[in-house]
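The values are calculated or read from the model by the stated rules, or taken from the named source; none is laboratory data. Note that this is a predicted model, so its numbers are computed, not measured. Positions of Cβ are generated from backbone atoms using ideal geometry, with glycine treated the same way; all protein chains shown enter the neighbour counts. These accessible areas exclude ligands, DNA and RNA; they are computed on the full protein's heavy atoms, side chains included. Shrake-Rupley method; radii C 1.70, N 1.55, O 1.52, S 1.80 Å.
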Amino acid sequence: MTETMADRTGTAAVTIRAYRPTDHRDCRQLWAELTEEDESLYAGSAPADVDPGAAFEEYLTRLDLSGMWVAEDTGLSGGVVGMVGLILDGRGGEVEPLVVASARRGAGIGRALLEHVAGQARRRGLGRLSISPAARNRDAIHCLHAAGYDALARVTLAIDLNRKSDIWRDGIDLYDLRFRY
């Protein structure tokens, strides 16, 4: 099943379709972009000699991966400009990953991918869908909230075993407790 949408800029159409093996290079590059952005939010959190796209190979072998879809530019530039995956999680699902090429953000591609994966989750009879953005990724959190992800289902807490306190920011309160993020 494919869906076609017009880019908000009106310059190109984007089709959402199932991932194909021929999309591997483009999707691995999107994964690398996502990894690098997450690491930049927490400067110094990953070794410099690690290939940021390498984890994509491991992702593709997940047994709980229920589906993966890409947003393909059907205009002159062509190519995959976004991707989304659905991981089974009991009677629900988890969106992992959601990424849109940085040059194409703000055009509604992420929202279209989220709507598509939600439709797929409904067709599979899943009762809920969750996504876990980095706590510092305000743009992603605002985008996800606008797309309907407005219920806190789970909180992930971390302890910094390396004591790199300089990478953490102060400033989020939850249940009258102060957290760094």
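Things to note:
- Each other residue within a Cβ distance under 12 Å of GLN29 adds +1 if Lys or Arg and -1 if Asp or Glu, for a net charge of -3.
- With a cut-off of 15 Å between beta carbons, the residues surrounding ASP150 carry a summed charge of +3, where Lys and Arg count +1 and Asp and Glu -1.
- In this structure the range 73-149 gives 48 Å² per residue of accessible area when probed at 1.4 Å with all protein chains present.
- If only the Cβ of Lys and Arg carry +1 and only the Cβ of Asp and Glu carry -1, the dipole of the chain around its Cα centre is close to 560 debye.
- Extents of the range 57-181, largest first, come to 46, 36, 30 Å (Cα atoms, principal axes, whole angstrom).
- 12 Å beta-carbon shell around GLY53, net charge (K/R +1, D/E -1): -4
- Cβ-based charge dipole, the chain, positive-most Cα from ALA32, HIS145, TYR42: HIS145
- Per residue, the average separation of C-alpha pairs within less than 8 Å and at least 6 apart gives the chain a relative contact order of 18 percent.
- With 0.36 nm allotted per residue and the present C-alpha distance subtracted, the HIS24-ALA43 stretch has 4.1 nm of extension available.
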